Amino acid sequence: MNAQAPIPALQDPRFNRPEPFTPPLRDGGFFQRDRSIHPPAHAPGYKSSVLRSPRQALLSLENSISEITGPVFGHNDLGPLDNDLIRNYAKDGDPVGERIIVHGRVLDETGRGVPNTLVEFWQANAGGRYRHKKDTYLAPIDPNFGGCGRALSDDTGYYYFRTVKPGPYPWRNYVNSWRPAHIHFSVFGSGLAQRLITQMYFEGDPLIPVCPILTTIPDKDALDRLVAPLDLNASTPFDSLAYRFDIVLRGQRSTYFENRPEGN
Amino acid sequence: MPQPLNYLKETASQTAGPYVHIGLIPAMAGFDIFEKNFSNVLVTPNTQGERITLEGRVLDGSGSPLRDVLLEIWQANAAGRYNHPADRSVGALDEEFRGWGRAGSDFDSGLVTFETVKPGAITDKAGRKCAPHVNVWIVARGINIGLNTRLYFSDEEAANAADPVLNLVEPPVRRSTLIAKRGERAGKVVYTFTINLQGPEETVFFDV
Ligand SMILES: [Fe+2]
């Protein structure tokens, strides 16, 4: 029996909503990936990467139709509670933890919103424990928290979801390695070459500068861009704080350059 | 100072970690949460084309299978057409085939399987004929940025020999790391593959 008053439904927290628009179909190749802002495959401070990193040079491919295209998802793929982690696994009440909204836009390197793209996210509960049969951390499972969700960006690239703030957790790397609080993100974009998995961190977390995974990123600015600031203006008073996390995918040329029927 | 170009920078990649299943295949993490789930079965009973199983493993630098790896595949349908608006080639679309699936490796054996159809040959925008292939994307704990590779088919020797991407691979002996071997099991067509992350037979990975 749930004796609590019903909690308010999750609403789009965005203000100043831009007008929808229909971008022209782009079908050119993607901008070359700048690998200097990504972690190298072989990053010895993150020990698991040592045996799992290719050692040969990657073979650079001009994007063909195989990489310009990618899977298309729609609202039919999602359920109504998929972007509400406070409710999507609740059994007899709310999950324990700080209630937060995470919102932002999926953009490309030209600043355009990436519309209708699938964003998936997963995280530990407020105590830093994952609902996963391989996670044996002593912090307890929360019976009301699954820890995953997904959203489709709207026609401007905007997405949002509600959850509880995840806790930090220890892991086997050095004897005293702890992950800063983080949410894992998976993003598709419009083509296979934009596919990205990353993690979002929280402003002010003192574990950020000592995390062996986060510090695989060689570029300080690139690391800072994974840290979501508190966004008080988007919070819901007496309900939830908000954090803002924009995700940037590779930009795309408007037309395939070996075949420009309109001289674009 | 010239004018700034003001491009944004791509968001940095981070490892998918050992618990990637929670978000992407929650049933493998041990729970049921979504009404609709993505899977390693790309076909419906009405999909056009030859039914095939892709079965393989990803091996680390010690030759051990990764037991926590996640693979996604993206492929054209049996007519060689991708289910995406940017593919305007002549092959017919198949409404019963999205062309995408994901699979986690078995926690004991490391085996990864997909149930799909064999893709047709692709004509790309430059008019080049490309051998039938499946695009593969790999993430796991210890993989800092998703790895892109391809699977070609052992029974497509002539098409493979003419494929513009396979022909970029030097030395040619490495091309064989991209070929899945056709076999049969209980009357079903099974293509088997091994993806080596390191070592003398390291698989060819692409910067796409
Ligand atoms: Fe994590």
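When peptides A:226-233, A:188-195 are sorted by average Cβ neighbour count within 10 Å, with the highest value leading, the order is A:188-195, A:226-233.
The ellipsoid equivalent to the alpha-carbon distribution of the range A:16-153 has semi-axes of 33, 26, 13 angstrom, derived from the gyration tensor eigenvalues as √(5λ) and listed largest first. What does the convex hull of the alpha-carbon atoms of the range B:20-196 project to on average, in nm²? Quarter of the Cα hull surface area: 11.6 nm². Mean per-residue shielding of peptide B:26-38 is 6, counting Cβ atoms of other chains within 10 Å of each Cβ. Express as a percent, rounded to the nearest 5, the fraction of DSSP beta bridges in the protein assembly as shown (both residues included) that run antiparallel. Restricted to the protein assembly as shown, the bridges split so that about 75 percent are antiparallel. With contacts taken as Cα pairs under 8 Å at a separation of at least 6 residues, chain B carries a relative contact order of 24 percent. Only Lys, Arg, Asp and Glu carry charge here, each on its Cβ (+1 for the first two, -1 for the last two); on that basis chain B has a dipole of about 280 debye about its Cα centre. Peptides A:74-81, B:118-125, B:137-144 ranked from most to least packed by the mean count of surrounding Cβ atoms within 10 Å: B:137-144, B:118-125, A:74-81. Phi angles of the range B:151-161 translate, via the Karplus equation with coefficients 6.51, -1.76, 1.60 and θ = phi - 60°, into HN-Hα couplings of 10, 9, 10, 5, 8, 10, 4, 5, 5, 4, 5 Hz per residue; Gly and Pro are given as x.
Helix-only mean residue ellipticity at 222 nm, the protein assembly as shown, DSSP H runs n ≥ 4 weighted -39,500 (n - 2.57), per residue, nearest 500. What is it?
Values: 5 runs with 24 residues, N = 472.
Result for the protein assembly as shown, helices only: -1000 deg cm²/dmol.
Each principal axis of the Cα cloud of chain A was taken in turn, and the coordinate range along them, longest first, works out to 65, 47, 31 Å.
Taking a straight line from the alpha carbon of B:Lys9, these lysines sit under 19 Å away, with near neighbours fewer than eight places off in the same chain left out: A:Lys220.
Other protein chain C-beta atoms within 10 Å of residue C-beta, averaged over B:156-165: 1. Near the amide H of A:Gln199, within less than 5 Å, lie the amide hydrogens of A:Phe185, B:Gln14, all on another chain or at least 5 residues away, with H placed in the peptide plane.
Counting only other chains, what is the mean number of Cβ atoms within 10 angstrom of the Cβ of each residue in peptide A:242-250?
Working: counts 0, 0, 0, 1, 2, 2, 6, 3, 3.
Mean shielding by partner chains, rounded to a whole number: 2.
If you take the Cα centroid of the range B:100-127 and the Cα centroid of the range A:188-234, the two points sit 30 Å apart. For the protein assembly as shown, the normalised intensity computed at q = 0.05, 0.09, 0.10, 0.14 Å⁻¹ comes to -0.18, -0.59, -0.74, -1.49 (log10 of I(q)/I(0), Debye sum over alpha carbons, equal scatterers, no solvent). Taking every C-alpha pair closer than 8 Å and separated by at least 6 residues, the mean separation divided by the residue count of chain A gives a relative contact order of 27 percent.
For the cross-link pairs A:Lys134/B:Lys181; A:Lys91/B:Lys36; B:Lys129/B:Lys181; A:Lys134/A:Lys165; A:Lys47/A:Lys133, the ones whose C-alpha atoms lie over 31 Å apart are A:Lys134/B:Lys181.
Just so you know, all these numbers are worked out from the coordinates, no wet-lab data involved. Just so you know, these numbers come straight off a predicted model, no measurement behind them. Neighbour counts are summed over all protein chains in view; Cβ atoms, including those assigned to glycine, are modelled from backbone coordinates with ideal geometry.
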